[in-house]
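The values are calculated or read from the model by the stated rules, or taken from the named source; none is laboratory data. None of the values given here were measured: they were computed from a predicted structure. Cβ sites come from the backbone with ideal geometry, for glycine too, and all protein chains shown count toward neighbours.
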Amino acid sequence: MMLFSDPNHEARPAPPPVGGAFGALKRLVVICDATTYWAIVAVMGLMATIVSLQVFFRYVLGSSIDSADELSRLFFIWAIFLAIPHGVKHGVHVGIDLFMMLMPVRIREVLFRAMAAISTLLMLMVMLGAWVATVDRWSEQMPTLAITSSVYYIAVLICGLHAFLHLALLAWGGSRTWEEVA
């Protein structure tokens, strides 16, 4: 027995294209997803390791790892920015969809694609800003590590590119882009 009925009892949106350029872009995004997934696992593992070592050094050996705070912060930031596009893929970022859910399915789909397209353009602006910041900070060194401080902005640049690909795919394929075909 159904307690709530859908006021917009309509057919579902059409499925996305399967092959061609859309399929090639989708395969590229799947490869990016798999690569960043394992990079997130590695970075989180490194972060946990460095924090654990710092605790051990500080409380057991009475010493400290000079770069532990900076490294753990760097690993954390990379993990976060590598994970953001995965949230874009599944639509799990914060959003308010009450008004949209009152719309007929066809209008919802048009709005979904329009917002994905606009967000794709915004992601281009994020990438541009990250590129400018990366180039601007390239000569600066981190205080305790012999690497450029631009490494933080490189994570934002990668995030922007990966999220751009996801949003472009969603704008093109619609809300059913990631549904499994039976």
Does ILE50 meet the test of being farther than 22 Å from GLU179 by Cβ, in contact with a helix residue (DSSP H, G or I) (Cβ under 6 Å, 6 or more places away or on another chain), free of Cβ contacts under 8 Å to residues at least 40 places away in the same chain and of a type outside the set (Phe, Trp, Tyr)? yes
Looking only at the stretch 71-127, and only at residues there that are within 24 Å of TRP38 (Cβ to Cβ) and basic (Lys, Arg), the one that is modelled with the lowest pLDDT: LYS89
Just give me the residues in the stretch 150-182 being of a type outside the set (Asp, Glu) and over 15 Å from VAL88 (Cα atoms), in sequence order. SER150, VAL151, TYR152, TYR153, ILE154, ALA155, LEU157, VAL181, ALA182
Taking interchain pairs and intrachain pairs at least six residues apart, which have beta carbon atoms under 6 angstrom, with the first residue in the stretch 16-31 and more than 11 Å from LEU165 (Cα to Cα) and the second of a type in the set (S, T, N, Q) and surrounded by 13 or more Cβ atoms within 10 Å (Cβ to Cβ)? PRO16/THR177
Condition first: in contact with a helix residue (DSSP H, G or I) (Cβ under 9 Å, 6 or more places away or on another chain) and either among the aromatic types (Phe, Trp, Tyr) or part of a helix (DSSP H, G or I) (or both). Now tell me which residues in the stretch 101-110 satisfy that. MET101, ILE107, ARG108
Checking ARG113 against (1) crowded, with 17+ Cβ neighbours inside 10 Å; (2) of a type in the set (D, E, K, R); (3) in a loop (DSSP other than H, G, I, E, B), which single condition isn't satisfied? (3)
Can you tell me which residue among ALA155, ALA83, ALA130 is outside any strand (DSSP E or B) and closer than 30 Å to ARG12 by Cβ? ALA83
Of everything in the stretch 51-77, what is aromatic (Phe, Trp, Tyr) and either loosely packed, with under 13 Cβ neighbours inside 10 Å or within 24 Å of LEU170 (Cα to Cα) (or both)? Give them in sequence order. PHE56, TYR59
Looking across the stretch 11-34 at residues that are of a type in the set (D, E, K, R) and under 21 Å from the mean Cα position of the chain (by Cα), the single one that is surrounded by the most Cβ atoms within 10 Å (Cβ to Cβ) is LYS26
